[in-house]
Amino acid sequence: YPSEFLMQKITEDNQVPVHLHVSVSLQYVAGLKGRALVEFFHSNIAEVENEELRHLMWSSVLFYKTPNVEVMACVLLSTKAIYFLLDDSFIHADEHQSDFWNKENSDCENSSFHLSCCFVLKLNDLQSVNVGLFDQYFRITGHSADHIVTCLTRDSYNTHTFIQQLMAVLSLLARTPSPEPVDKDFYSEFGSKNTGKMENYELIHSSRVKFIYPNEEEIGDLAFLVAEKMDGLTNLPSLNILLYVLAFRVNHVEGSAQNTSSLQPKTLILTSSDLFLFDEDYISYPLPEFAKEPPKRDKYQLADGRRIRDLDRVLMGYQTYPQALTFVFDDVQNQDLMQNLTLDHFGE
């Protein structure tokens, strides 16, 4: 251990997405190759001597306790735990969460020593994994609010690969088998259906970890929500969601040293008639079992919406992935005027 194939694969996966900035400490990790990377894991991160590094992935992550702070992380999956090696800027991003993060080493700030925070989720504490729509993200849930993390991969391939590797590692865990199901009587069988919770597709792994996938109703609910935002101008049965993708909106910051751009996470939804940007809550839904009250904000909040008929042109950047698209819309002062004339004079 480790095999040459595994070392080559981990080296290939050890690439920070070009559009996201990371701290100096994480840049050091991203520069490691092959055996040096495995040795770094064993000497600095691994908690047990005999655990094996199985998979590495770079992803943005969200924590349940700090739902508004998206931070870059190097996610390392071993045979014992999932490690999130975090950007050190995260520790200072949300000051009121000081109880969540241990700040003992803050005296290192001014030295040349670069500190990274490592969050550990042991596989034995893992209870469920919720996969987001179209595999754009997934949420890992442990036994408390401190142990809920969402990985915003924004990439179905990365999500699928991580889930496959996680299932393979969980298969190695020795857990006591689940107790035999109790025969239910007629009343309890039919009485438990009215929980008000939407039933999603569940796959219960041999390690008793649930893998929960969204069902068709979730797309239907999303289509209904989008139709509401369109002020009832559309016919719901004919409304189709053509594309759902987690993206960033680019805001250019003028007057800075170099005209830098800040990236705002958004959910882009394309229908046959409109283009929408939503602020989505990726961490709070579905509600964890220990939640006492619903989250403070809705799952989807409309940030911007434009009609496709007002789209003038689409400018495409020529850089490599991720691709930048600029949508240029006609600036029509009174949009409804054209719509109403069409409705009144050219048919129903």
For segment 1-96, calculate the relative contact order in percent as a whole number, restricting contacts to Cα pairs under 8 Å that are 6 or more residues apart. 26
Just order 27-39, 137-149 by mean Cβ neighbour count inside 10 Å, highest at the front, would you? 137-149, 27-39
Listed residues 310, 330, 279 arranged by accessible area, highest first, probe 1.4 Å: 330, 279, 310
Round to the nearest 10 and report in Å² the accessible area of residue 159, as given by a 1.4 Å probe over the protein chains' heavy atoms. 0
Can you give me the % of accessible surface on segment 19-68 that is carbon or sulfur? Probe 1.4 Å, all protein chains present, nothing else counted. 49
Round to the nearest 0.05 the FRET efficiency obtained for residue 203 and residue 326 when R0 = 56 Å and r is the Cβ-Cβ distance. 0.90
Beyond a 20 Å Cα-Cα separation, which of these cross-linked pairs lie in this structure: 266/299; 9/210; 266/296; 65/292; 9/266; 9/33? 9/210; 9/266
Residue 144 to residue 215: extension gain in nm, 0.36 nm per residue of separation minus the Cα-Cα distance? 23.0 nm
Taking R0 as 41 Å, what's the FRET efficiency between residue 25 and residue 228 from their Cβ-Cβ distance, rounded to 0.05? 0.35
Calculated FRET efficiency, residue 48 and residue 293, Cβ-Cβ r, R0 51 Å, to nearest 0.05? 0.85
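The values are calculated or read from the model by the stated rules, or taken from the named source; none is laboratory data. What you are looking at is a predicted structure, and each value in this text was computed from that prediction instead of being measured. Note that we place each Cβ from the backbone using ideal geometry, even for glycine, and neighbour counts take in every protein chain shown. Ligands, DNA and RNA are excluded from the accessible area calculation, which covers all protein heavy atoms including side chains. Shrake-Rupley method; radii C 1.70, N 1.55, O 1.52, S 1.80 Å.
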